[in-house]
Amino acid sequence: MKTSLCAAAAWFVLLALVPGYRGGAQVEWQFSGYVLDLPVYQRVNPWFASFLRTEQDQALNITRVRLRPTLLLWDGARVTLEHEVVAWYHSTALPDYQTAAITRRQAVNLTWNTVEESRLTLRQFVDRLYFRQNFDFGSLVVGRQRISWGTGRIWNPTDLFNPINPASFDKIEKDGADAVSFKYYLGSFTDVEVVYNAEEKFKSWNAGFRFRTNFSEYDVSVVGGYFDKRYVAGGDFAGNLFEAGVRGEGIVSANKDDLGDSYVKCILGIDYQFTSKLYALAEYQYNGEGEKDKNRYRFLFDRLAQGAILNFARNYLFVQGLYQLHPLVMTGLGVNLNLDDGSGFIAPSVTWSSTENSELGLGGLLTYGAGETEYWYYPLAVYVKGQWYF
């Protein structure tokens, strides 16, 4: 109850600060959201289970309720809230990397653990809370928002806010960032976006820009800025090569105090619609921040749990195929390969669109690898997913 009151207070305080808003004014509401239930069985390798002091065989049930009210104010203006409630049932104590509430790129803590027992955790958090004003010449967004840069389907080196780990099958939305962003339209296919992001109770900050335009059949962007006390520059592209889609992106990141302390991250991907039912993609990633020696992986767990990195090594290849068995049934198979240490995972899935606003699915994350390689640390998982949108 206290959590709900806090969220409601934050919502109405923001409304009170919006110029021109009056309680008696004629406004329009929109409301949407979803409920997701995800029963999971996972098996941790024996050595790692012993190290974490947890059971090797684990049963989880993750239930998520996401509420998305939007208040439409005057022309082009809106206030949006996305509030989520997550219930975790777990048959045994879970390792910290699965239960920690990660809120990178956020200045204010809007997460509350309502229930925290040995087998049940109930958490609430505000993932979006922002004011948006659209103009003829651009847009202004203030508050906790989604900022998603890049063109990659699996990895996004130019997404400097909150990219998602490809192994996170329970993750849908990217975490919101506490930011002010302004986009200015320079033409029909050209714009520039400037972002300021505050972190850690406004003790640290990040800032960047993205210039986007179009050449022939290619969308091209240039990005730059200051993130995590490092200077960053890069860009991305997406377009067609004959009948296939191609995309790429990359960055150079350098320590502000030592420009020699730098690395490169980049991806190159291709996808093709073979038939009306069969689609496939392949994407390669070079992660210059990664380690060459697998014995150093153990020092990266904290950064992985915090979302500061997504992978341990340097070279990866992801291949995926999707096939439509029926207008309501889609199957998929993804394979992620760590080309440096030989580990990886296979991700099979099947999804049935049971109604217009619901779906049921079955999937897995079948990890493999020799001892102390990257995906040796990940549990093998099989899950069922039910989702209802409203």
### Task
Hey, can you tell me all the residues within the stretch 185-195 that are surrounded by fewer than 15 Cβ atoms within 10 Å (Cβ to Cβ) and in a strand (DSSP E or B)?
Tyr185, Leu186, Gly187, Thr190
### Message
I need the full set of residues from the stretch 196-213 which are surrounded by 15 or more Cβ atoms within 10 Å (Cβ to Cβ) and more than 23 Å from the chain's Cα centre (by Cα), in order please.
### Response
Thr213
### Query
In the stretch 345-358, what count of residues is obtained for those that are in contact with an Asp or Glu (Cβ under 8 Å, 6 or more places away or on another chain) and either buried (at least 18 other Cβ atoms within 10 Å of the Cβ) or under 29 Å from Ala49 (Cβ atoms) (or both)?
1
### Which numbered condition Leu15 fails, given (1) more than 20 Å from Gly363 (Cα to Cα); (2) surrounded by fewer than 17 Cβ atoms within 10 Å (Cβ to Cβ); (3) modelled with pLDDT of 85 or more
(3)
### Task
Return the residue satisfying two criteria in turn: it lies in the stretch 359-390 and is within 22 Å of the chain's Cα centre (by Cα) and among the polar types (S, T, N, Q), and of such residues it is surrounded by the most Cβ atoms within 10 Å (Cβ to Cβ).
Thr367
### Within the stretch 273-390, strands (runs of 3 or more DSSP E) holding 3 or more residues that are touching a Ser or Thr at 6+ places or on another chain (Cβ under 6 Å)
358-368
### Query
Ser148 passes all but one of (1) assigned to a strand (DSSP E or B); (2) under 20 Å from Phe227 (Cα atoms); which number fails?
(1)
### Query
So how many residues does the stretch 255-268 have that are more than 17 Å from Arg314 (Cβ to Cβ) and in contact with a Phe, Trp or Tyr (Cβ under 9 Å, 6 or more places away or on another chain)?
3
### Query
When you look at Ala280, is it within 21 Å of Glu173 (Cα to Cα), surrounded by 15 or more Cβ atoms within 10 Å (Cβ to Cβ) and outside the structural domain of Asn162 (by TED's automatic domain parsing), yes or no?
no
### Query
When Val335 is evaluated against the numbered criteria (1) surrounded by fewer than 18 Cβ atoms within 10 Å (Cβ to Cβ); (2) out of contact with any Leu (no Cβ under 7 Å at 6 or more places or on another chain); (3) at pLDDT below 95, which criterion, by number, is the only one it fails?
(3)
### Query
When only residues in the stretch 225-241 that are in contact with a Lys or Arg (Cβ under 7 Å, 6 or more places away or on another chain) and over 20 Å from Val195 (Cβ atoms) count, which is surrounded by the fewest Cβ atoms within 10 Å (Cβ to Cβ)?
Phe237
### Query
Looking at Gln273, Gln285, which is the one that is buried (at least 19 other Cβ atoms within 10 Å of the Cβ) and under 16 Å from Arg153 (Cβ atoms)?
Gln285
### Query
Any residue at all in the stretch 105-125 that is under 30 Å from Gly371 (Cα atoms), surrounded by fewer than 16 Cβ atoms within 10 Å (Cβ to Cβ), out of contact with any Cys (no Cβ under 9 Å at 6 or more places or on another chain) and among the acidic types (Asp, Glu)?
no
### Condition broken by Gln306, with the remaining ones in (1) buried (at least 16 other Cβ atoms within 10 Å of the Cβ); (2) modelled with pLDDT under 95 satisfied
(1)
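The values are calculated or read from the model by the stated rules, or taken from the named source; none is laboratory data. As the structure is a computational prediction, the values presented were derived from the model and not from experiment. In this analysis, Cβ positions are derived from the backbone assuming ideal geometry, glycine residues included, and neighbour counts consider all displayed protein chains.
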